[in-house]
Amino acid sequence: MNLRRIRVVAYKEWREIVRDRLFFALAFFVPSLLMLLFGYGLSLDVENIPLAIVDYDQSVTSRDYAHRFTDSRYFSFQGYARHEKEVEKLVIDNTLRAVIVIPPQFGQNLKAGRSAEVQTWIDGTFPFRALTTKGYVTAINAAINVENLSAHFSAMTGISQEKIRSSLQPVKLETRYLYNQEVKSIWSVAPKLIMVILMLSPPFLTALGVVREKESGAIYNVYSSTLSRGEYLIGKLLPYVGISIVNACALSGFALLLFGAPFKGDPLFFLISTILYVICTTGIGLLVSVMVNTQVAAMVGTAIVTVVPAVLYSGMIIPIPSLSAIAAVIAHLLPGMYYAEITIGSFLKGVGFAALWMDLLILTLYAAALFTAGFLAFHKRPDN
């Protein structure tokens, strides 16, 4: 294998990339743009839920009860309504996502030691957000119940409210969030976005770069030259691997500096893992380019084999243990899941080779297997 020939092919490919302004923008600017769009647009935090309150009681007790919701950072209070019909249309047109309906004699029932039912409307069109909203309402209501019960029994027995409150909660749960103490979804999303974008961009670039020569007929120059398959493929892929590594550094910078995700791991280990992952994804583009003859077909084929796996079978949105048995098997057959584990381990958990060596080994095997498959599938002469 001649290194000079590889260098010539790589330089020629780089010149083609620079000459085509659209392709150059696709190579360098689109990945960063995707990071910005997804980073700001994809949030799993459930906060500022639009809330209205229908207070039929209009008592001091009902206003105190309502204040616990209006003062919460999880709800965005939109105001009081006189009747349920006023808020029904607002829920239908998505202006409101939750409504608290306080019945008449609410305060009177509580002062008399009787239970008082409160109705909650929650928009269920987004099930995850609806369940989270229900959890917020349940937690606030439970805290209010403990306070009311302790005040009621304290007035009856003369025992301090603190003692009664501790007896009502004999087991006190103290929760500690590991690796993401502030429970910010962007800290988890931003590192995984690196995995998703590096699954999308390198295959597209590689597939289009190889197929472009088929469409223009330039591939026949390769067929008639003395270049070996290995020299051509390595030289062809090197610029895209280099571009993707630069993009990976830029994406990591966005995650760190723009979205505030902490990096606690080993930078060298993360860089090596990223290079291997980029080789994997460019290998996917190589395989697609071998099987199709037009750039449109290359774009469609690449989208099919990269977009869905990167989003659904990598742990990006749904944790792998929460997938069905078949979906979990599919996830383990794709490289995205292993690189996602490395990004989360490097950014949030502060672990390196000792904990993630198996993921690194699997990425190495993937890189070797994909390049070998592309090498065997690419023929120096066109098929007749």
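The values are calculated or read from the model by the stated rules, or taken from the named source; none is laboratory data. Values in this document were obtained by computation on a predicted structure and should not be read as measured data. Here the Cβ positions follow ideal geometry from the backbone for every residue, glycine too, while neighbour counts run over all protein chains shown. Remember, those area values only see protein heavy atoms, side chains included, never the ligands or the DNA or RNA. Shrake-Rupley method; radii C 1.70, N 1.55, O 1.52, S 1.80 Å.
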> Where residues in region 1-48 are surrounded by 18 or more Cβ atoms within 10 Å (Cβ to Cβ) and either at pLDDT 90 or above or part of a loop (DSSP other than H, G, I, E, B) (or both), which of them is nearest to the chain's Cα centre (by Cα)?
Replying inline: Met35
>> Looking only at region 71-81, filter to residues that are assigned to a loop (DSSP other than H, G, I, E, B) and without any contact (Cβ under 8 Å) to a residue 60 or more places away in the chain; which one of those is least open to solvent (accessible area, probe 1.4 Å)?
In response: Asp71
> Which of the residues spanning region 243-289 are closer than 20 Å to Glu13 by Cβ and surrounded by fewer than 19 Cβ atoms within 10 Å (Cβ to Cβ)?
Replying inline: Ile245, Val246, Ile275
> Do we have any residue at all in region 197-219 that's outside any helix (DSSP H, G or I), buried (at least 17 other Cβ atoms within 10 Å of the Cβ) and at pLDDT below 80?
Replying inline: no
>> Of everything in region 82-111, what is in a loop (DSSP other than H, G, I, E, B) and open to solvent by 60 Å² or more (accessible area, probe 1.4 Å)? Give them in sequence order.
In response: Arg82, His83, Asp93, Asn94, Thr95, Arg97, Pro104, Gln105
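So, in region 136-189, how many residues would count as being under 22 Å from the mean Cα position of the chain (by Cα) and modelled with pLDDT under 70? Reasoning before the result, please.
Our first condition is that a residue be under 22 Å from the mean Cα position of the chain (by Cα); within region 136-189, this holds for 177-189.
Now restrict to residues that are modelled with pLDDT under 70: none.
Final tally of qualifying residues: 0.
Name the single residue that is nearest to Gly253 (Cα to Cα) among those in region 49-70 being open to solvent by 70 Å² or more (accessible area, probe 1.4 Å) and assigned to a helix (DSSP H, G or I).
Within region 49-70, the subset open to solvent by 70 Å² or more (accessible area, probe 1.4 Å) is 56, 58, 60, 63-64, 67-68.
Filter again for assigned to a helix (DSSP H, G or I), leaving 60, 63-64, 67-68.
Working: Val60: 52, Arg63: 47, Asp64: 46, His67: 42, Arg68: 40 Å.
The residue in question is Arg68.
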> For region 76-111, what are the residues that are in contact with a Pro (Cβ under 8 Å, 6 or more places away or on another chain) and not basic (Lys, Arg)?
Replying inline: Ser76, Gln78, Thr95, Leu96, Ala98
> Hey, among the residues in region 119-135 that are farther than 27 Å from Pro104 by Cα and either among the β-branched types (Val, Ile, Thr) or outside any helix (DSSP H, G or I) (or both), which one's modelled with the highest pLDDT?
Replying inline: Thr132
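Restricting region 329-368 to residues that are assigned to a helix (DSSP H, G or I), free of Cβ contacts under 8 Å to residues at least 24 places away in the same chain and over 19 Å from the mean Cα position of the chain (by Cα), which is surrounded by the fewest Cβ atoms within 10 Å (Cβ to Cβ)? Steps first, answer last, please.
Residues of region 329-368 assigned to a helix (DSSP H, G or I): 329-332, 335-349, 353-368.
Cutting the leftovers down to free of Cβ contacts under 8 Å to residues at least 24 places away in the same chain gives us 329-332, 354-355, 357-358, 361, 365, 368.
Narrowing further to those that are over 19 Å from the mean Cα position of the chain (by Cα): 329, 354-355, 357-358, 361, 365, 368.
Working: Val329: 11, Ala354: 8, Ala355: 14, Trp357: 11, Met358: 10, Leu361: 12, Leu365: 13, Ala368: 14.
Taking the candidates together, the pick is Ala354.
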> Restricting the search to region 293-302, which residues are touching a residue at least 12 places away in the same chain (Cβ under 8 Å) and in a helix (DSSP H, G or I)?
Replying inline: Gln295, Ala297, Ala298, Met299, Gly301, Thr302
